[in-house]
2 protein chains.
Amino acid sequence: MGATKTDHFTDKQNAIAVLAKALGHPARIAIMEYLMKVDTCICGDIVNELPLAQPTVSQHLKELKNAGLIKGSIEGTAICYCIDEKAIEKLQVYFGVISKKLNSKKNNCC
Amino acid sequence: MGATKTDHFTDKQNAIAVLAKALGHPARIAIMEYLMKVDTCICGDIVNELPLAQPTVSQHLKELKNAGLIKGSIEGTAICYCIDEKAIEKLQVYFGVISKKLNSKKNNCC
DNA sequence: CTTATTTATCGTAATATTGCAATATATAAT
DNA sequence: ATTATATATTGCAATATTACGATAAATAAG
């Protein structure tokens, strides 16, 4: 097969998986970190920052955008990309809750 | 092509990407949540919990294990899987830091 | 030893991802 | 209008992922 069976899981599970999947590539992590570093959410010198060709970077940006992790607004001939805080917030809360639950359980069974 | 160029990125970036990638599938999110829910970190009734065949579940468990997100210990004929807290901790800290930085910046440029 | 139970591995088909050259599109500047 | 600049899209090859049936491996029970 090869196609993910998304319909069998809850919306919440799929939502987290979409975010995680988008971050599941070092280039996209690097893009997110670059967007963090640059104060002004400057655009496509991301290409100069990464060891990848322009079409490849453009594709990674598209995936981050589709997942809702970044936003982009046209700025003349350039495009201004920046992190969508809401997505990061979701991940932070998700792992925060899990982390807290694990600590309170103190499960040392394995 | 098709192969990820991991060698061009930092170890930290690759490490986060590995964790995120492993969680980038709803079945694996569901497995993690099931392991959270069950007090005793019970094993392979995960198969009964998920709408996937046993070999598929086994494969997903292997990927979670390879990524360091879960641990497994043999318990007779069964296997006891449970979450590796350290991995969750890493993710929680990572997104916590980003979230905090974003809040302090209040960047509303896009 | 044989049989059941549980989990892992192999093999394979379907599909997805990664990466880039070539090309298209869109705005800015001259 | 022409040219330069920035980004997106297309097309394609290489590789990876997803899913599962069939089968293997390993322990437990009889």
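The values are calculated or read from the model by the stated rules, or taken from the named source; none is laboratory data. The structure displayed is predicted, hence computed values, not measured ones. Here the Cβ positions follow ideal geometry from the backbone for every residue, glycine too, while neighbour counts run over all protein chains shown. Ligands, DNA and RNA are excluded from the accessible area calculation, which covers all protein heavy atoms including side chains. Shrake-Rupley method; radii C 1.70, N 1.55, O 1.52, S 1.80 Å.
When the stretch B:57-68 is filtered for residues that are open to solvent by less than 50 Å² (accessible area, probe 1.4 Å) and within 13 Å of DNA strand D (Cβ to nearest atom), the ones remaining, listed by number, are B:VAL57, B:HIS60, B:LEU61, B:LEU64, B:ALA67. Do the conditions hold for A:VAL57, that is, is it more than 9 Å from chain B (Cβ to nearest Cβ) and in contact with a Leu (Cβ under 9 Å, 6 or more places away or on another chain)? Considered against the rule, which asks whether it is more than 9 Å from chain B (Cβ to nearest Cβ) and in contact with a Leu (Cβ under 9 Å, 6 or more places away or on another chain), A:VAL57 comes out as yes.
When the residues of the stretch A:30-88 are filtered to those that are in a helix (DSSP H, G or I) and charged (D, E, K, R), the one that is farthest from the chain's Cα centre (by Cα) is A:GLU49.
Number of residues in the stretch B:8-26 that are within 11 Å of the chain's Cα centre (by Cα) and facing chain A (nearest Cβ under 7 Å): the value is 8. In the stretch A:70-109, of all residues being within 7 Å of chain B (Cβ to nearest Cβ) and open to solvent by 50 Å² or more (accessible area, probe 1.4 Å), the one that is modelled with the lowest pLDDT corresponds to A:CYS109. Within the stretch B:50-58, is there a residue that is touching a residue at least 60 places away in the same chain (Cβ under 8 Å) and not acidic (Asp, Glu)? Checked against the condition, which is being touching a residue at least 60 places away in the same chain (Cβ under 8 Å) and not acidic (Asp, Glu), the stretch B:50-58 yields no hits at all.
Within the stretch B:20-29, being more than 8 Å from DNA strand D (Cβ to nearest atom) and part of a loop (DSSP other than H, G, I, E, B) holds for one residue alone: B:LEU23. Every listed requirement among (1) touching a residue at least 40 places away in the same chain (Cβ under 8 Å); (2) over 18 Å from A:ILE98 (Cβ atoms); (3) surrounded by 14 or more Cβ atoms within 10 Å (Cβ to Cβ) is met by B:ALA17 save one, (1). Here A:THR77 meets each of (1) touching a residue at least 12 places away in the same chain (Cβ under 8 Å); (2) within 11 Å of DNA strand C (Cβ to nearest atom) with one exception, condition (1).
Quick grid of which residues meet (1) farther than 18 Å from B:ILE98 by Cβ; (2) surrounded by 15 or more Cβ atoms within 10 Å (Cβ to Cβ); (3) modelled with pLDDT of 95 or more:
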site	(1), (2), (3)
A:LYS5	yes, no, no
A:THR10	yes, no, yes
A:LEU23	no, yes, yes
A:ILE29	no, yes, yes
A:ASN48	yes, no, no
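Here's a check for you: in the stretch A:32-46, which residue that is at pLDDT 75 or above and within 9 Å of another protein chain (Cβ to nearest Cβ) is surrounded by the most Cβ atoms within 10 Å (Cβ to Cβ)? Among those residues, the one meeting the criterion is A:MET32.
Among the residues of the stretch A:1-12, just one is touching a helix residue (DSSP H, G or I) at 6+ places or on another chain (Cβ under 6 Å) and either closer than 24 Å to A:HIS60 by Cβ or within 8 Å of DNA strand D (Cβ to nearest atom) (or both), namely A:THR6.
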